[in-house]
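Chemist: Got a structure here, written out as structure tokens. Questions coming.
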Amino acid sequence: MPGLSVTIRGLVKRYGEQAVVRGLDLDIPAGECFGLLGPNGAGKTTTLKMLLGLVQPTAGSIAINGWQVPVQARQARMRIGIMPQMDNLDPDFTVAENLLVYGRYFGIDRAILNERIPALLELAGLTGKADSRIGELSGGMKRRLTLARALVNDPDLIVLDEPTTGLDPQARHVIWQSLRRLNQQGKTVLLTTHFMDEAERLCDRLVIMDHGLSIAEGRPRDLISRLIEPQVVEVYGDQLAAWLEQLPDGVCERHELADETLYCYGHDHGALLALLQRTPALRHVQRPSSLEDVFLKLTGRELRD
Amino acid sequence: MNGNFALPRFSWRFWPIWQRHFLVWKKYAGTSILGNLADPMFYMLGFGYGLGSLMPHIGGVSYLTFLSAGTLCYSTMNSATFEVLYSGFSRMHVQKTWDAILNAPVMLDDILLAELVWGASKSLLSGLAILVVIWLLGLQQSWALSLWTIPLTLLIGLTFSAMGLVMTSVSPNYEFFIYYFTLVITPMVLLCGVFYPVDRMPALLQILATGLPLTHAIDMVRPLIQGRIPAYVGVHVGVMLAWTAGSYWLAVGLTRRRLLS
């Protein structure tokens with residue numbers, strides 16, 4: 001049974017008067033890599049916790065391959081691997097002991113675990129570190145070990161909450177590589193992330209959440225072509241404000257101004273670029289629009305925390 | 001909220017979690033055993049010989065013998081209490097061990113059952129340590145009867161683990177536990193007959209002591225050390241089981257409310 005499907009209908013979570021999730025529908029077919037995106041407080045982590053049966057939903061239904069959550073959450077979790085946002089490895093144990101102890105929670109035989117652990121260490125790039133203490137590991141190593149721990153039951157659905165937050169680019173690439181390989185084996189991957197390049201790279205499909213609702217859903221490429229102009233010119237420099245005052249209409253289809261940078265979205269930027277050639281005080285970059293542009297257009301540029 | 005206080009569920013899934021605690025303990029076993037043994041032993045020997053030399057026999061035995069039964073009980077109580085309060089809180093809140101375990105196919109009830117039984121296991125160890133000292137000093141009047149204190153240490157451990165877990169379930173930080181020690185544990189040690197017989201106290205305090213679980217533990221352990229079969233065993237065990245069941249039910253409900261809603 002490689003790959004589990006996930007179906008969520010009308011999911012609601014309220015804490016008193018405050019609604020954190022307000023009627024979410026999601027369909028993740030088996031074998032897909034699916035991203036859950038949204039600013040802080042959008043309801044991503046609460047959604048994941050409800051999906052895993054760790055938080056009681058106020059309303060709505062969740063099914064993982066036909067198992068009803070939370071009632072059958074335990075059966076479902078036998079087949080799920082979870083990589084939490086915060087590392088919660090056991091600091092009293094060595095690397096190998098962490099995997100062994102965790103595997104026992106699934107009721108896995110010690111003999112099977114002893115076979116599996118070297119392979120997991122290799123996957124995490126921790127071969128030779130089996131007897132190291134957790135305190136001796138770098139942040140990236142801990143993250144990789146947390147991923148290896150999530151795989152100890154050979155899961156068919158892997159749920160990752162911000163898997164690469166706080167990692168350096170090298171470590172991020174290692175995690176991405178592992179996730180791609182697992183996805184190629186047919187396992188369903190569900191991840192939340194703040195990194196749009198990560199989502200664009202890894203996810204077959206994704207949903208952008210805000211204020212507890214899905215506000216956009218689809219393939220990353222489709223979302224970009226559907227929801228935003230294809231090209232963007234970023235303009236910045238000291239005289240930006242003055243230059244903007246006397247900018248003729250129609251040169252920029254749509255613009256956003258943030259952090260003293262002008263983001264000019266459109267299809268053809270010929271006129272704008274010609275103007276900018278004659279304004280050496282301003283610097284500019286032209287690039288294709290990205291998922292981040294879509295995200296910021298939909299959720300705004302204001303801070304959320 | 002509703003449903004949180006449904007009866008606790010019991011399952012063998014608690015066992016791998018108990019094994020985890022045991023594996024951690026094994027790494028620091030030396031220090032742990034020293035702590036279990038040294039502190040209560042010095043109290044017992046110091047007061048037993050020092051204070052005991054100034055005192056007549058109590059109920060036909062030396063003060064040291066009298067005190068040894070009290071020491072066994074309160075040392076057992078302390079072991080479970082410290083374990084589920086400080087270590088338990090660390091596992092739940094500080095180290096987030098529980099969060100990690102909950103991501104496996106394990107329920108919160110399994111984690112709490114593991115805490116309950118693990119606390120009692122620590123008590124068993126403390127009780128055994130004191131019992132060995134009692135044997136070495138030859139304070140027991142009957143080998144066979146003194147062996148009966150072993151299952152009792154397990155019962156004392158379960159009772160005080162359950163009571164301690166109630167505190168852990170509502171605690172915001174380590175400082176909070178001072179309330180429990182000041183308002184529950186210390187009065188219990190001073191009222192329940194660890195250092196002197198309960199019947200030497202004013203009637204009102206005696207009535208209060210009758211309701212407390214440590215009194216009933218001591219009422220069973222003390223005769224066993226002194227070579228007598230305790231009276232009213234059913235009542236004593238019943239009171240302790242009632243404290244255990246009530247506290248455990250409350251602790252599970254409060255913890256579910258804290259972590260799952």
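The values are calculated or read from the model by the stated rules, or taken from the named source; none is laboratory data. Quick caveat: nothing in here was measured; it's all calculated off a predicted structure. Here Cβ is always computed from backbone atoms with ideal geometry, including for glycine, and neighbour counts include all displayed protein chains.
Chemist: Keeping to region B:228-256, report how many residues are more than 15 Å from B:M167 (Cα to Cα) and in contact with a helix residue (DSSP H, G or I) (Cβ under 6 Å, 6 or more places away or on another chain).
Modeler: Counting residues in region B:228-256 that are more than 15 Å from B:M167 (Cα to Cα) and in contact with a helix residue (DSSP H, G or I) (Cβ under 6 Å, 6 or more places away or on another chain) gives 4.
Chemist: Given (1) within 14 Å of another protein chain (Cβ to nearest Cβ); (2) touching a helix residue (DSSP H, G or I) at 6+ places or on another chain (Cβ under 6 Å); (3) touching a residue at least 60 places away in the same chain (Cβ under 8 Å), identify the lone condition not met by B:M107.
Modeler: So the condition that B:M107 fails would be (2).
Chemist: Of all residues in region A:54-69, count the ones that are facing chain B (nearest Cβ under 9 Å) and crowded, with 18+ Cβ neighbours inside 10 Å. Even if it seems obvious, please write down each step before you answer.
Modeler: Filtering region A:54-69 down to residues facing chain B (nearest Cβ under 9 Å) leaves A:54-56.
Right, trim to crowded, with 18+ Cβ neighbours inside 10 Å and you get A:54-55.
Of the residues in that region, 2 qualify.
Chemist: I'd like the residue in region A:280-302 that is in a loop (DSSP other than H, G, I, E, B) and in contact with a strand residue (DSSP E or B) (Cβ under 9 Å, 6 or more places away or on another chain) and, out of all such residues, is farthest from A:L240 (Cα to Cα).
Modeler: Keep residues of region A:280-302 that are in a loop (DSSP other than H, G, I, E, B), which gives A:280-282, A:289-290, A:300-302.
This time we only want the ones that are in contact with a strand residue (DSSP E or B) (Cβ under 9 Å, 6 or more places away or on another chain), so: A:282, A:289-290, A:300-301.
Working: A:L282: 7, A:S289: 21, A:S290: 23, A:G300: 21, A:R301: 19 Å.
Across region A:280-302, the extreme among qualifying residues is A:S290.
Chemist: Could you list all residues from region A:30-53 that are basic (K, R) and either at positive phi or more than 12 Å from chain B (Cβ to nearest Cβ) (or both)?
Modeler: Within region A:30-53, the subset basic (K, R) is A:44, A:49.
Selection gives A:K44 alone.
Chemist: Then there's this: Considering each residue of region A:248-274, count those that are of a type outside the set (D, E), within 35 Å of the chain's Cα centre (by Cα) and not in a helix (DSSP H, G or I), and give that number.
Modeler: Result for region A:248-274: 13.
Chemist: Please give the helices (runs of 4 or more DSSP H) falling wholly within region B:144-261 in which 3 or more residues are among the charged types (D, E, K, R). Before you say what the answer is, go through the steps one by one.
Modeler: Working: elements: B:149-170, B:177-180, B:186-191, B:203-211, B:213-225, B:233-260.
Ranges flagged: B:233-260.
Chemist: If we only count strands (runs of 3 or more DSSP E) wholly inside region A:191-242, which ones have 2 or more residues that are out of contact with any Lys or Arg (no Cβ under 9 Å at 6 or more places or on another chain), surrounded by 22 or more Cβ atoms within 10 Å (Cβ to Cβ) and modelled with pLDDT of 95 or more? Can you show your working first?
Modeler: Details: elements: A:205-210, A:213-218, A:231-236.
Where strands (runs of 3 or more DSSP E) fall fully within region A:191-242 and carry at least 2 residues being out of contact with any Lys or Arg (no Cβ under 9 Å at 6 or more places or on another chain), surrounded by 22 or more Cβ atoms within 10 Å (Cβ to Cβ) and modelled with pLDDT of 95 or more, they are A:205-210.
Chemist: Related question: Do we find that B:A231 is surrounded by 15 or more Cβ atoms within 10 Å (Cβ to Cβ) and either more than 21 Å from B:S68 (Cα to Cα) or at pLDDT 95 or above (or both) in this structure?
Modeler: Numbers: surrounded by 15 or more Cβ atoms within 10 Å (Cβ to Cβ): no; either more than 21 Å from B:S68 (Cα to Cα) or at pLDDT 95 or above (or both): yes.
So B:A231 fails the test.
Chemist: So, restricting to strands (runs of 3 or more DSSP E) that lie completely within region A:64-177, which ones have at least 1 residues that are in contact (Cβ under 8 Å) with a residue 40 or more places away in the chain? Quick ask: steps written out before the conclusion?
Modeler: Working: elements: A:67-69, A:80-83, A:157-161.
Ranges flagged: A:80-83, A:157-161.
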